[in-house]
Amino acid sequence: MGYTDPSSGRDLLGNRTLFFIFICAFAVVTLLQQILYGRNYLKRGLQFSWQNGEELANWSGTFNFTDDGAVKSGSDTGTRYFEFYEGPLEYNSTKCLELRQDIIAVKVLSMVKQTELFDRWKSLQMCKWEMNVTEANIFKSTLSRCCNAPAFLFTTQKNTPLGTKLKYEVDTSGIFHINQEIFKMFPKDMPYHRSQFRKCAVVGNGGILKNSGCGREIDSADFVFRCNLPPISEKYFTDVGVKTDVVTVNPSIITERFHKLEKWRKPFYDVLQVYENASVLLPAFYNTRNTDVSIRVKYVLDDFESQQAVYYFHPQYLINVSRYWLGQGVRAKRISTGLILVTAALELCHEVHLFGFWAFPMNPSGIFITHHYYDNVKPRPGFHAMPSEIFNFLHMHSKGILRVHTGTCGCC
Amino acid sequence: MAGLAWKWPRTRLPVGASALGVFVLCWLYVFPVYRLPDEKEIVQGVLLQQGKAWRRNHTAVAVFRKLLEDCCDPGQLFAMTKLNSPMGKNLWFDGEFLYSFTIDNTTYSLFPQATPFQLPLKKCSVVGNGGILKKSGCGKQIDQADFVMRCNLPPLSREYSKDVGLKTQLVTANPSIIQKSPNEDLKTELRKLAGGMVIWVALLGCVLTGEKIGKSKYSLTNQMSPSELPHSLTYGFELQYWNNNTEKQPCHTSDIIISVGHYGLRISFAAEVSFQLIRNAELVTLQMLVLFQNLIWSRKAFVDSVKVYNHSYIYMPAFSMKTGTGPSLRVYYTLKDFGAKQAVLFANPNFLRDIGKFWKSKGIHAKRLSTGLFLVSAALGLCEEVTIYGFWPFSVDLHGKFISHHYYDNVLPDSGFHAMPEEFLQLWFLHKSGVLRMQLEQCEDPLTQSSA
């Protein structure tokens, strides 16, 4: 009793303190949520929930798909427009304005049931799409301020002079020193300039492309971007087309399927040959693991005397783009290659068409689809925020900035 | 404590023992059990034998072949084949302790079904890289054999063809050649050498198309600043021959001389490209130039460099050292990818170990046998008539003239790794007993030879 620990009364990191910290953290998180989502949530979201009150029960489950749920939603709200469906409606008709407004009204993905969103999207399909030049220009100018693809999309000799210490996108501590050998691989300057192409197609690999018959429409574009070395063999040719101007390759594919190019190289070269003269685009400076593999791609093409160009994403461009989309509500460890390509395409092209961008397990009519048009390998969960990216595209479609194709294509 | 030592009884024994020890040491010094004859003695011995005519002793050949068959079975075990190394077999690296590997599906698929030669081979030439080959004029004679074996990807350019021939059926390659990476030494060496002087580039019908020098056509003499030269060296020159028709052709050895003040730099192009400095007409090799960097980056340089060997097998000791396996397999992949005419054969570690043991029992004490001796042993097992050229590890030739270490450069090996003189003595013994023929003199004039 003679000696008392001076800190005993203060309860350093004891139960009480921990409890207090816990409550504080909870409060902070709630507050942040309120700030970030709050305004829209209160303004529109509540109103919505009251309107379709019977759906309040399973309101929270955005990914809660059941067969009957999908079928049911297909039959109740959506069909009411199909009753008086007589060919595509004009872009500026009141009905279309209304339908577009319905989509734009959904500010946050989790605000409505997914089936509800699908219905609105499906209804919108009956309207013709037109580019809204003013909206598009506003958007493009925002992009040019944040990201500036015509100057910074690739590493070039102009934007990355010899001796630059290039910072990686994710491994921020990692620095790549541009030496003579790497410098020589870069193009002199960006090969594309602002709004160079009239009509661009960005082809995602979503299962929605299967049996779409969009091949000819994709091929009719002036410039076609494809993601992640997709197969364009005869089997898929009618759905995805063959024209390719830029194809991205994820270094993880090279690591897994081609042994980092340390063993055989011909198989990889043969795969690239399929795309004929398409340029190969790699995120070499995304993280330190990607660099060697990506640089090796250049050597492979040089060794086999191929005409294909190899370009590398500029890490700063990637940082800027993901920062921009973070502001738009795309929260993910990494934004997808598709989103980067769309962002770049918006600056490089006058008109951007998206094919195969649909990251939901079912198509808008509620029929289940495979994850990719060529396989059904699910991605790593929690890496990309695909639904939220798609949601952004739907918004942009409604605003007339770009066009998302999700149905089957007629002829062009 | 110290006092105890003094109390120890003194006997005469230690004195007697040490005296005996000293005596034995002296005896061994004066009359050694075995002493390797030095260079001069060997050369003298060889000279004594020179005048005599050499005849193949067919019984001796057969006996020696029998010996080899018993110990090592070269016909079956020479290379890794599907027959002698089935999948799942565990093999020990012969150049390392305690490391083994298991043949898996991917490795197994790289092996040929059986040893891909028509055995037994008739006439074989085994060509070492000794400096004695220089100006020997043996090229024709070497090419006359049915099967020509060479060591360590030697240069076979136009310049040497008269002395070493052109034909190759089998050439060994050490994984270390492929593992070379650029180092800064060459740069600093050249900077030092160039000093502050302006380097004059004398081009003998050649055009340098490097990054800095490639833009414009160069006439016979051109100026380069010393800072530019080493820079472009690291990335390799692209040498192109510029003839009168302004048609570009690849440069050949000795077509280009870069003279540095009083010095000259000579570049020779082959698998082992060396960078030589001519100082008062004396060749001093600086460094390797073409770097394959383990074949993980560009591979074309390697494929181009082995083109001189036409349809031949590249024999690689892939499973001798742990570090050598990756590069050797990569050589295989590279050549297959490019559809090259050359094919890769992997040396069988068991065969190499057995041959090593065989020669050890004959009294060669070295960490490892040289590639040349491996090849000669294999040839003795595979061929009916063996002639060896360029096996001469000494710095003087038969006439007492100084010669370079290799016929293409003068890079001395690390001492203590190979026991070259011992190996030579063994081969010389085989020559004397008529098992193989060792060509040391200059070859005869081809005209007189054919008539004789």
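The values are calculated or read from the model by the stated rules, or taken from the named source; none is laboratory data. What you see is a predicted model; the values in this text were computed from it and never measured. We place every Cβ from the backbone using ideal geometry, glycine too, and count neighbours over all the protein chains shown. What goes into the accessible areas is simple: the full protein's heavy atoms, side chains included, and nothing from ligands, DNA or RNA. Shrake-Rupley method; radii C 1.70, N 1.55, O 1.52, S 1.80 Å.
Scanning region A:213-222 for residues that are open to solvent by 10 Å² or more (accessible area, probe 1.4 Å) and outside any helix (DSSP H, G or I) turns up A:G213, A:S220, A:D222. Does region A:134-146 include one or more residues that are within 17 Å of A:N287 (Cβ to Cβ), of a type in the set (D, E) and in contact (Cβ under 8 Å) with a residue 12 or more places away in the chain? Looking for residues that are within 17 Å of A:N287 (Cβ to Cβ), of a type in the set (D, E) and in contact (Cβ under 8 Å) with a residue 12 or more places away in the chain, one finds none in region A:134-146, hence no. The residues on offer are A:A332, A:A385, and the sole one that is surrounded by fewer than 21 Cβ atoms within 10 Å (Cβ to Cβ) and not polar (S, T, N, Q) is A:A332. With respect to the conditions (1) open to solvent by 50 Å² or more (accessible area, probe 1.4 Å); (2) modelled with pLDDT of 90 or more; (3) more than 23 Å from B:T334 (Cβ to Cβ), B:L68 falls short on a single one, namely (1).
For region A:342-382, a residue qualifies if it is surrounded by fewer than 22 Cβ atoms within 10 Å (Cβ to Cβ) and assigned to a strand (DSSP E or B), and the qualifying residues are A:H350, A:E351, A:M362, A:F368, A:H372.
Tell me which residues, restricted to region A:251-262, are surrounded by fewer than 17 Cβ atoms within 10 Å (Cβ to Cβ) and not acidic (D, E). Once the filter is applied, which keeps residues that are surrounded by fewer than 17 Cβ atoms within 10 Å (Cβ to Cβ) and not acidic (D, E), region A:251-262 yields A:S252, A:I253, A:T255, A:R257, A:H259, A:K260.
Taking region A:231-258 only, how many residues are closer than 26 Å to A:F313 by Cβ, out of contact with any Leu (no Cβ under 7 Å at 6 or more places or on another chain) and either assigned to a loop (DSSP other than H, G, I, E, B) or within 14 Å of chain B (Cβ to nearest Cβ) (or both)? Of the residues in region A:231-258, 10 are closer than 26 Å to A:F313 by Cβ, out of contact with any Leu (no Cβ under 7 Å at 6 or more places or on another chain) and either assigned to a loop (DSSP other than H, G, I, E, B) or within 14 Å of chain B (Cβ to nearest Cβ) (or both). Scanning region A:124-140 for residues that are modelled with pLDDT under 85 and either in contact with a His (Cβ under 7 Å, 6 or more places away or on another chain) or surrounded by 19 or more Cβ atoms within 10 Å (Cβ to Cβ) (or both) yields a count of 1. Within region A:259-276, identify whether any single residue is in contact with a strand residue (DSSP E or B) (Cβ under 6 Å, 6 or more places away or on another chain), at pLDDT 90 or above and either more than 16 Å from A:E169 (Cα to Cα) or within 13 Å of chain B (Cβ to nearest Cβ) (or both), and answer yes or no. Scanning region A:259-276, I find at least one residue that is in contact with a strand residue (DSSP E or B) (Cβ under 6 Å, 6 or more places away or on another chain), at pLDDT 90 or above and either more than 16 Å from A:E169 (Cα to Cα) or within 13 Å of chain B (Cβ to nearest Cβ) (or both), so the answer is yes.
Just checking, which of B:E422, B:E441 is on the phi < 0 side of the Ramachandran plot and open to solvent by 40 Å² or more (accessible area, probe 1.4 Å)?
One residue alone meets the criteria, B:E441.
Conditions (1) among the aliphatic types (A, V, I, L, M); (2) at pLDDT 85 or above; (3) within 15 Å of A:R120 (Cβ to Cβ), marked per residue:
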| residue | (1), (2), (3) |
| --- | --- |
| A:F357 | no, yes, no |
| A:H384 | no, no, no |
| A:K399 | no, yes, yes |
| A:V404 | yes, yes, yes |
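Every test in (1) open to solvent by 30 Å² or more (accessible area, probe 1.4 Å); (2) outside the structural domain of A:I232 (by the TED database) is passed by A:G174 save one, and that test is (1). Considering only residues of region B:135-148 that are assigned to a helix (DSSP H, G or I) and out of contact with any strand residue (DSSP E or B) (no Cβ under 7 Å at 6 or more places or on another chain), which is least open to solvent (accessible area, probe 1.4 Å)? So, considering only residues that are assigned to a helix (DSSP H, G or I) and out of contact with any strand residue (DSSP E or B) (no Cβ under 7 Å at 6 or more places or on another chain), the one least open to solvent (accessible area, probe 1.4 Å) is B:G139.
Give region B:44-78 a look and list any residue that's more than 23 Å from B:W392 (Cβ to Cβ), basic (K, R) and touching a residue at least 60 places away in the same chain (Cβ under 8 Å), or say none.
The one that is more than 23 Å from B:W392 (Cβ to Cβ), basic (K, R) and touching a residue at least 60 places away in the same chain (Cβ under 8 Å): B:R65.
If you check B:I132 against the conditions, is it at negative phi, open to solvent by less than 30 Å² (accessible area, probe 1.4 Å) and in contact with a Ser or Thr (Cβ under 6 Å, 6 or more places away or on another chain)? Taking the combined requirement at face value, the residue does not satisfy it. Taken together, A:P267, A:P251 contain a single residue that is in contact with a helix residue (DSSP H, G or I) (Cβ under 7 Å, 6 or more places away or on another chain) and of a type outside the set (A, V, I, L, M), which is A:P251. So is A:V202 assigned to a strand (DSSP E or B), out of contact with any Leu (no Cβ under 8 Å at 6 or more places or on another chain), assigned by the TED database to the domain that holds A:V352 and crowded, with 18+ Cβ neighbours inside 10 Å or not? Considered against the rule, which asks whether it is assigned to a strand (DSSP E or B), out of contact with any Leu (no Cβ under 8 Å at 6 or more places or on another chain), assigned by the TED database to the domain that holds A:V352 and crowded, with 18+ Cβ neighbours inside 10 Å, A:V202 comes out as no. Consider A:Y312 carefully, then state whether it is crowded, with 22+ Cβ neighbours inside 10 Å, among the hydroxyl-bearing types (S, T, Y) and at negative phi. So A:Y312 fits the description; yes.
Are any residues in region A:147-197 free of Cβ contacts under 8 Å to residues at least 24 places away in the same chain and among the hydroxyl-bearing types (S, T, Y), and if so, which ones?
A:T164, A:T172, A:S173 - these are the residues of region A:147-197 that are free of Cβ contacts under 8 Å to residues at least 24 places away in the same chain and among the hydroxyl-bearing types (S, T, Y).
Residue count for region B:27-57 satisfying the condition of being among the hydrophobic types (A, V, I, L, M, F, W, C), open to solvent by 70 Å² or more (accessible area, probe 1.4 Å) and either over 36 Å from the mean Cα position of the chain (by Cα) or modelled with pLDDT under 80 (or both): 5.
Assessment of region B:120-130 against the conditions (among the charged types (D, E, K, R), closer than 24 Å to B:V386 by Cβ, assigned to a helix (DSSP H, G or I) and at pLDDT 90 or above) yields no matching residue.
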